[in-house]
Every structure is written in structure tokens, then in C-alpha cells.
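Scroll down for the structure; my scribbles are underneath it.
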Amino acid sequence: MSTAAENVIVTRNLTKTYRDFWGRPKVKALNSLSIDVKKGEVFGLLGPNGSGKTTTLKLLLGLLFPSDGELSILGKPATDVTKNEQIGYLPEESYLYRFLNAEETLDFYGQLFNMSAAVRKQRTRDLIKMVGLEHARRRQLKEYSKGMTRRIGLAQALINDPELILLDEPTSGLDPIGSRDMKDLIIGLKERGKTVVMCSHLLADVQDVCDRIAILDGGELKVFGRVQDLLKDQGVTQIKTSKLPENVVEEVRALLAKHGGSVMEVDSPTTTLEELFVKTVRDGAARPGQRYIPPAA
């Protein structure tokens, strides 16, 4: 675990038990969760439905109170409502006023934080530019696509320039381009020194942006650590070289066999389908009219 000065979130044996009408224990949604989230990292909270992710987020936001254990955020107890001034939250479904436009929406939420008109105007301009909605800043939100709605939802979560941003399924419902843009925005927040906690069912998205993850199941912590360490296959040694002629490959095979090893695969590296898709769309925008022509039979 990290030192307290480095931590934005610390939980120790955090437990939440839901009770029935008579006060009897009904469901233990979270059982003795102990994690830390470091300042300036992107942290992934994963798990199947009913694993305790939403309960954890609600505890962080102060919408629920723990049944047992300790929870501190930004050096303050979870019950200290002043901490919320430094937190931004993007729910899975953004509940925004459909008849306001982007500028009016951000100005409204800025007023909730008692910002001056000049600060609200500047923050609104900067955030709309950051999320790429300058072309639609005066369109009513009811005309926005799902991707545009997620963008303005993120801008709303950042209106108070928070130190901690909680994102619930940030890429939900987005096409590959929108998903990539959202991930780029999250990485940009990290580069600005912000701390991000994101819940997602899309594991590829988590792998792309998160430094560390926690996997919950049945309300209990099952896996916790750095993504690159958790994904390493310790039983395999991987060596990458420039392209080799076949006779050299055979020499390598013979050398490995001499030392009790074997070549499991010889191939050129591959990209991901997401990277291919995004590159294709962006290249098409840069060079209109270019198309695939099948080779002659």
C-alpha cells in the first residue's frame, strides 16, 4: 500500500450490508474492502453485475454510509460533505436538462459551485473545446447523440475542476471513434494530475487507460494490482526481433531446443481491431474518395 500522502482514496475493511424493513441483514453488498487509489492515477473498478461496484461508488460519493470499516477521500472522512467540492462524477446515464444547450448546461452547474460569471464563462468555453463540442455548443441536448451526451456529461463532471473524477461506464454506448476519444480524454486528465476512478464492463477500455485495477466479485476483492503485472504470463518468455530469414529462425529453434525450450509461435505482431477501425475511419476523413479495390482474380 502507498503512504497516506500519496493516496486520494483509502478504504480499510469497508463493508456495506443492506437490511430489510425490520432492520435484519439482507444482503452484504461489500465485504471488508481494503484498497488505496494513488494521486494522479487512473484506477479501474471491475466486476460482474452485483459485485459491489455501484455500492462502492455510492459510498465514495457519500450517498450511502458504510456498515463497518473506514473510508477516507482526499484526506477527509467520507461523511465530510466539503470533499464533494473536489469530486466530479459521471454516472452511467447522464441526467441532464434536455432543453438546455451545452453552454447553458455548464453555466447552470457552475452556479451550483458558486462560481462567478466570468469563471463560469471561461470554464464553459474551455471544457466545450476539450470535449470537442464547439460545433454543437448552442444545440439543445435533446438533439445530441449518445456520444455527444457522454461528452457533455464529462464536461459537467469537470466544471468544478475536481481533483478526483469518478466515471461509471464512461464509454457505454459509444462507437469505436467515440470510445477512443473518451479514453484519450481520460488519459489527458491523468496528464493534468487528476485522479480518475472508472467502472466499466469493457475490459479492453480498462486495459488501455488504467494503471491499476481492483476486481470485485460477490462484494469481495479478488484481484488488486498494476494492470501490466497482472496480465503478464510468467510461464512464457517473449522475445521480439526484427524480421529474420527462415534459416536464422531454424537456428534459433535448434538453440532453444538445446536448452530445453521450444518456439511456440513465429509470426508478425498484430494490432487490435479497434486500432485498425479508428485508423481506417481517420484515414478516410483525411483522404476522401479512397476505397478498397479487390485484387484482380
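I need the Debye-formula profile for the chain: one equal scatterer per C-alpha, no solvent, reported as log10 I(q)/I(0) at q = 0.10, 0.14 1/Å, two decimals. For the requested q values the scattering log ratios are -0.70, -1.11.
Determine the relative contact order of the chain: mean sequence separation of Cα pairs under 8 Å and six or more apart, normalised by residue count, in whole percent.
22 percent
Computed per residue of the chain from DSSP H runs no shorter than four, each worth -39500 (n - 2.57), the mean residue ellipticity at 222 nm is -10000 deg cm²/dmol.
Summary of packing: across the peptides 78-89, 96-107, the per-residue average of other C-beta atoms within 10 Å ranks them, highest first, as 96-107, 78-89. Across the cross-link table entries Lys58/Lys183; Lys121/Lys194; Lys121/Lys183; Lys28/Lys58, which are compared at the Cα atoms, the separations over 20 Å belong to Lys58/Lys183; Lys121/Lys194; Lys121/Lys183.
Read-outs throughout are calculated quantities, based only on the coordinates presented, and are distinct from any laboratory measurement. Note that the coordinates shown come from a computational prediction; the quantities given were computed from them, not determined experimentally. Glycine gets a Cβ as well: all are built from the backbone with ideal geometry, and neighbour counts include every protein chain shown.
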